[in-house]
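Right, one structure below, let's go through it.
What follows draws every value from the coordinates through simple rules; no lab data is involved. Predicted model only: the values in this text are computed from it and were never measured. Positions of Cβ are generated from backbone atoms using ideal geometry, with glycine treated the same way; all protein chains shown enter the neighbour counts.
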Amino acid sequence: MNRAIVIGGGFFGACIAEHLARKGAKVHLFEKEDALMTRASFNNQARVHNGYHYPRSVLTALRSRLSFPRFVSEFRDCVDASFEMQYLIGKPLGKVTGRQFQKFCDRVGARCVPASHAMQKLVNPGLIEACFSVTEYAFDAVALREKMMGRLADAGVQLHFGTSARRIRREGPGLVVEVGREGGDDWIEVPASVVFNCAYSRINYLNANSGLELIPLKHEVTEMCLVEVPHELRDVGITVMCGPFFSVMPFPSARLHSFSHVRYTPRLEWSDEQGGQYADSQRVLDEHGRASAWRHMRKDAARYIPLLDGCVYRRSLWETKTVLPRSESDDSRPILLKANHSLEGFHCVMGGKIDNVYDAIDAIETKGLAEGGGAE
C-alpha cells in the first residue's frame, strides 16, 4: 500500500488513520472543521458504554462488554471513573422491568447491584420501579483529542484541516479524490490506493456528489443540554430506561453534566435512501432553529427525580446523530462497513458509539481492506 486517504477527523477517522499509518501507509486525513473531533465525537453524551444501555440488543451489549476494558485501558487518562453510575427502571412506560434488567446484566456479565438507600430516597417510587448501581464511565473529549493528535503525529499521519472531500472516481489502478475548502475555488485532486470515508452524518455527501449509490441512513438533529446539577448529584450519573426517559451524567470536558431526553433531544429527522434525493446533513443542521427544549426536559425529568428541578442550564450542543435504519427497532448500534462501495478500494465506515472503533478496525483487518495499490 502506498497512499491512503481518510475522510473525516472524528474519533473513528483518527483511529483508522493511525492504524493505516502504523501498517506502513502514507496517510492523509482530511477534516472539514479546523480541528479533530469537534463534531459528533464531542457533541454527544460522552458515555463509555459497558453494555447496560442495550437490553434489547444482547449482541450490542456483549460487544460493549468486550470493548469497555480495552478502551478504558488504552485511554485511561481520558476517562472519568470518579462518579457512581445509576440505572433506574421507569414505569409504566418502560420497555423492560427491573427483574428483566437484572437478568440481562447477569447474562452479559455486567455488574449490577441495588442502588444505595440514599439514591433510592431521591426518586419518585410511583414512576421508578427499581434503582441499580453499575460500572460505567465518561470520556473527556478534549483530552481524547489531544491524545489522538499526539498519536497521529507519532504515526506520521498528514492532517489537512478545513478541507472537505467533494468527489471520488476510479482512475487506472487507483482512486482520485477532489478536496478543498467548501465555498472556495481551490479544489485539487489527490490520488490514493485506498480511501476510507469516515464522515459520519456526511458519508453520503461524497457518494451523492460522485454519482455513487446512497447508503440508507437515518439522521436526527439533536440537542444535548449541558447543565449544573444540585450538589447531591455532582458525583452521580443517572440513566432512566428503557423508554421515553432521560439521562444526566458527567460531561468531563466542560465540568458540567449532559442532559438528554428520548422525547425532546431529537428535533428533526430524515433519511438517506437508495435512489432518493440527498439532503446535506450540515446544511440541515445549520438551517434548523436553535430554540432549546430544556424546560420540557427538566420538567419531565423532575417527575421522576424531583431534585433535578434544581438543575441550572448553561448551554446546548447541537449535532446530527446518524444511525442505521435497523437500529430503530432494537436500539442496537452495529458498525457500518461498506467495503468497495461502488468503487474498488473505496470503503465507508461509521460507528454508533465510540468503542465501536475496535470492531471497525478488526473488520478492516479481517477483510484485508487496508491493502491497496496503484497511487504513488
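With +1 on each Lys and Arg Cβ and -1 on each Asp and Glu Cβ, how big is the dipole of the stretch 88-197 about its Cα centre, in debye rounded to the nearest 20? Present the calculation step by step, with values, prior to reporting the outcome.
Numbers: 15 positive and 12 negative charges, 157 e Å.
Taking the Cα centre of the stretch 88-197 as origin, the dipole is about 760 debye.
Counting only other residues whose beta carbon sits under 12 Å from that of residue 309, what net charge do I get with K and R as +1, D and E as -1? It would help to have the intermediate numbers written out before the result.
On the way: positive: 295, 298, 299, 303; negative: 300.
For residues surrounding residue 309, the net value is +3.
How large is log10 of I(q)/I(0) for the stretch 86-176 at q = 0.15, 0.18, 0.26 Å⁻¹ when the intensity is taken from the Debye formula with one equal scatterer per alpha-carbon?
Taken in order of the listed q values, log10 I(q)/I(0) reads -0.74, -0.87, -1.28.
Compute the signed sum of charges (Lys and Arg +1, Asp and Glu -1) over the other residues within less than 12 Å, Cβ to Cβ, of residue 342. If you can, show how the numbers build up before the last one.
Values: positive: 169, 170, 338; negative: 213, 344.
The answer is +1.
With N set to the residue count of the stretch 30-136, report its C-alpha Rg divided by 2.2 N^0.38 Å to two decimal places. All intermediate terms of the calculation are to be shown ahead of the outcome.
Values: Rg = 16.2 Å, N = 107, 2.2 N^0.38 = 13.0 Å.
Rounded to two decimals, the normalised Rg is 1.25.
How large is the translational diffusion coefficient of the stretch 97-143 in µm² per second when you combine the Kirkwood radius over alpha carbon pairs with Stokes-Einstein at 10 °C and 1.306 mPa s?
Numbers: Rh = 12.4 Å.
D = 128 µm²/s.
Which order results if 251, 104, 161 are arranged by neighbouring Cβ count within 10 Å, fewest first? Mind dumping the intermediate values first?
Working: 251 27, 104 20, 161 15.
Placing the least packed residue first, the sequence is 161, 104, 251.
Taking the alpha-carbon set of the stretch 236-295, what are its Rg and Dmax in Å?
In Å, with Rg to one decimal and Dmax whole: 15.3, 46.
Using Cβ-Cβ distances only, list the Cys residues of the chain with no partner cysteine under 4.7 Å, sorted by number.
15, 78, 131, 198, 225, 242, 311, 348
Using per-residue counts of other Cβ atoms within 10 Å, averaged over each peptide, order 291-303, 47-59 from highest down. Spell out each step's value before the answer.
Values: 291-303: 16.3, 47-59: 21.4.
Result, highest mean first: 47-59, 291-303.
For the chain, what proportion of DSSP beta bridges, expressed in % and rounded to the nearest 5, is antiparallel? Each step should come with its number before you reach the end.
Values: 56 of 78 bridges.
So the antiparallel bridges amount to about 70 percent of the total.
What shape does the stretch 142-284 take by its C-alpha gyration tensor, where a ≥ b ≥ c are the square roots of the eigenvalues and a/c under 1.5 counts as rounded, a/b above b/c as prolate, and the rest as oblate? Walk me through the intermediate numbers first.
Values: a/c = 2.90, a/b = 1.62, b/c = 1.79.
Oblate.
Can you tell me the alpha carbon radius of gyration of the stretch 239-376 divided by the globular rule-of-thumb value 2.2 N^0.38 Å? Walk me through the numbers before you get to the answer.
Values: Rg = 19.3 Å, N = 138, 2.2 N^0.38 = 14.3 Å.
Expressed relative to 2.2 N^0.38 Å, the Cα Rg reads 1.35.
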